[in-house]
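Reading through the structure tokens given below for one structure.
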Amino acid sequence: MPVDPSLSGRTFPPTQDFEVTEERVAAFAAATGTPYAPGDPAPATFPIVVAFEAMQGLMSDPDVGIELHHVVHGQQKFVHERPTRPGDRLRAELTVTGLRQIGGADIITTSSAITDADGALVCTAEATLVHKAGE
Amino acid sequence: MTVAAGWQERTYRITRADLVAYAEASGDPNPIHQDEAVARSVGLPDVIAHGMYTLALAARYVDEEVGEPGRIKQIGAKFTRPVVVPAEGTEVVVVGEQRDDGTVLLTVTCGGEKVLGAATAVLRG
């Protein structure tokens with residue numbers, strides 16, 4: 001099934017608030033061997049935890065027509081306004097910025113605005129998802 | 001554009017236990033990153049690392065070279081080739097080249113093959 005062609009430009013509801021704790025950051029850093037001491041900012045790719053929630057919202061929406069098992073992460077970029085830190089309360093709001101078809105695959109580009117408890121932008125996470133339907 | 005500095009090459013070992021820990025820490029439980037049988041069933045040669053795992057290693061490299069966390073303003077890459085992680089583990093090699101505008105061009109390879117495309121970080125001043 002092809003992806004809903006009107007998807008481009010659509011903004012999805014924000015994720016639930018995510019509490020950034022020392023424990024979560026330390027576990028993420030440890031898994032990748034990244035040096036981390038309490039009080040340090042989170043590793044630069046840590047906001048994927050929140051962005052991934054937003055992507056799950058897109059991929060599990062039955063109206064969108066994405067088959068979860070046919071999605072490959074093609075590209076990812078983080079633009080930080082400031083480092084994420086323990087104590088932050090973050091949420092992500094995902095917008096589909098583009099949709100095109102190449103060789104039977106849907107190339108879905110997304111941008112998730114990750115904001116803190118004051119509503120200030122902390123990080124923009126841009127992801128490209130490659131969806132090969134019906135393989 | 002002037003090349004300000006070539007950074008040292010660093011080698012990072014990846015084991016399946018790391019991928020299990022990363023799946024838990026990042027909230028991405030896709031079994032192709034943990035289970036050999038599932039990976040093979042979808043046509044992969046073996047378990048593969050999350051693309052985000054490899055990008056996290058690239059960020060770790062920048063943190064280690066810069067010597068302090070939190071200096072990365074931007075980081076991104078294309079996931080051009082999977083990093084296959086057999087039972088005995090594998091190694092990824094990262095090397096960077098810093099331009100005088102704060103941009104760091106990163107080359108990330110596994111078994112001599114580039115695994116990330118256009119991997120770039122930008123440092124804050």
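What follows is calculated from the coordinates using simple rules that are stated; it is not laboratory data. No experiment lies behind these values; they were computed from the predicted model shown. Here Cβ is always computed from backbone atoms with ideal geometry, including for glycine, and neighbour counts include all displayed protein chains.
Here is how the numbers come out for the structure above:
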| item | result |
| --- | --- |
| Whole-Hz couplings from phi, Karplus 6.51/-1.76/1.60, listed for the stretch A:69-83; x for Gly and Pro | 6, 10, 9, 10, 7, x, 7, 8, 9, 10, 10, 9, 7, 7, x |
| Candidates per GluC sites (Glu not before Pro) in the stretch B:57-125, loop by DSSP, up to 14 other Cβ within 10 Å | B:Glu88 |
| Distribution of pairwise C-alpha distances over the stretch A:5-132, 10 Å bins, in % | 13, 42, 30, 13, 2 |
| Estimated inter-spin distance, B:Ala37 and A:Val79, nm [label 7 Å along Cα→Cβ] | 4.5 nm |
| In Hz, Karplus ³J(HN,Hα) per residue of the stretch A:47-55 (6.51, -1.76, 1.60; θ = phi - 60°; x = Gly, Pro) | x, 4, 4, 7, 4, 5, 4, 5, 5 |
| Shielding score for A:20-29, defined as the mean number of other chain Cβ atoms within 10 Å | 2 |
| Per-selection Rg to Rh, the protein assembly as shown - Cα, Kirkwood hydrodynamic radius | 0.95 |
| Per-selection Kirkwood Rh - the stretch B:3-123 (Cα, Å, 1 d.p.) | 14.8 Å |
| Using alpha-carbon coordinates, inclination of helix B:16-26 to the longest axis of chain B, degrees | 70 degrees |
| Point-to-point label distance, A:Glu22-A:His69, nm (Cα→Cβ direction, 7 Å offset) | 4.3 nm |
| Label point distance in nm, A:Ala37-B:Asp101, each placed 7 Å from Cα along Cα→Cβ | 3.4 nm |
